[in-house]
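Asker: Attaching a single structure in structure tokens format; questions to follow.
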């Protein structure tokens, strides 16, 4: 197998072996079909589509925000907060129903270009309801219809994961989302719940039990952003308090043998986002990616892309980067089956 070097910005370059080798390490080992389990919709909108919608909706940018400077992330940031600065703008649209359709089509088309056969899309429906001046139930219905039409047009499977943001209103947000879900008759399109946001921000004490109750009552999968900012205890809380089926990022877990054993024993899959982890500083430039510890300790993991359009990369690039981080060709071949096994979408072929 060729040796690959992770170099941000720029491409994954061959450092030895055949100079004519394919620059995409995943393609070099023959990977064609992919499954995507950690993808934020507003981080997956192509730059060209963002610019078109901002112009169409005459969006006023935040003071000091420059699209050419602040929208994309190509080099490691000083902090997670710095990495997230594009969301100052990404949360300002779409105000128009037709632009939601444009977004869904553009995202799915990009996924198809990366060989993705099924995807779990994460979205905060509450911000969409505010933007489009409709009820949360209407916003969820629009999101379901828009992403369903895009997926059917391109011939891929998709499920929706509803994202709750950490903070004082987390419990209210979750209850509102679940009420919208019930108002629509508990559609199969919705497959899971996600907790995201700054891990330093506290959440209501009742929030974990509400997640567990939703899992038990509705059969929804639970994935929790945890351990991305170095707090090992957040990963343990995700498992023991929230009843997580999967962990988003979980990089901090690589430094705790007992936690690694817990994840392996309970068969909890970690959603590894190699490019994002380097850009956010979750994994510093001078340390190995913890996916090597996950592998050594028998912790299941699946390679994901997180916010690919903001990186101007795709899942194929994340898989190639995972090879640069130590993933073997054999493990790369297995990724599609691993994604199917741990997906919340039912009846994947």
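The values are calculated or read from the model by the stated rules, or taken from the named source; none is laboratory data. Keep in mind the model is a prediction, meaning the values are calculated, not measured. A quick note on method: Cβ atoms are made from the backbone with ideal geometry, for glycine too, and the neighbour counts reach across all protein chains shown.
Asker: Go through the residues of region 18-32 one by one and say whether even a single one is farther than 24 Å from residue 326 by Cβ, modelled with pLDDT of 95 or more and in a loop (DSSP other than H, G, I, E, B).
Answerer: no
Asker: Regarding residue 130, is this residue at pLDDT 95 or above and more than 18 Å from residue 37 (Cβ to Cβ)?
Answerer: Yes, satisfied.
Asker: Among the residues of region 204-217, is any in contact with a helix residue (DSSP H, G or I) (Cβ under 9 Å, 6 or more places away or on another chain), at pLDDT 95 or above, buried (at least 23 other Cβ atoms within 10 Å of the Cβ) and not in a helix (DSSP H, G or I)?
Answerer: Looking for residues that are in contact with a helix residue (DSSP H, G or I) (Cβ under 9 Å, 6 or more places away or on another chain), at pLDDT 95 or above, buried (at least 23 other Cβ atoms within 10 Å of the Cβ) and not in a helix (DSSP H, G or I), one finds none in region 204-217, hence no.
Asker: Looking only at region 58-103, how many residues end up being assigned to a loop (DSSP other than H, G, I, E, B), farther than 20 Å from residue 313 by Cβ and within 20 Å of the chain's Cα centre (by Cα)?
Answerer: Total meeting the criteria: 5.
Asker: Here is a follow-up. Checking residue 185 against (1) out of contact with any strand residue (DSSP E or B) (no Cβ under 8 Å at 6 or more places or on another chain); (2) assigned to a loop (DSSP other than H, G, I, E, B); (3) surrounded by 14 or more Cβ atoms within 10 Å (Cβ to Cβ); (4) modelled with pLDDT of 95 or more, which test does it fail?
Answerer: The one condition residue 185 does not meet is (3).
Asker: Just give me the residues in region 336-349 being in a loop (DSSP other than H, G, I, E, B) and either touching a helix residue (DSSP H, G or I) at 6+ places or on another chain (Cβ under 7 Å) or surrounded by fewer than 23 Cβ atoms within 10 Å (Cβ to Cβ) (or both), in sequence order.
Answerer: 344, 345, 346, 347, 348, 349
Asker: Also, I was wondering about something else. Of (1) surrounded by 14 or more Cβ atoms within 10 Å (Cβ to Cβ); (2) farther than 24 Å from residue 336 by Cα; (3) modelled with pLDDT under 95, residue 53 satisfies all except one. Which?
Answerer: Residue 53 satisfies all of (1) surrounded by 14 or more Cβ atoms within 10 Å (Cβ to Cβ); (2) farther than 24 Å from residue 336 by Cα; (3) modelled with pLDDT under 95 except (3).
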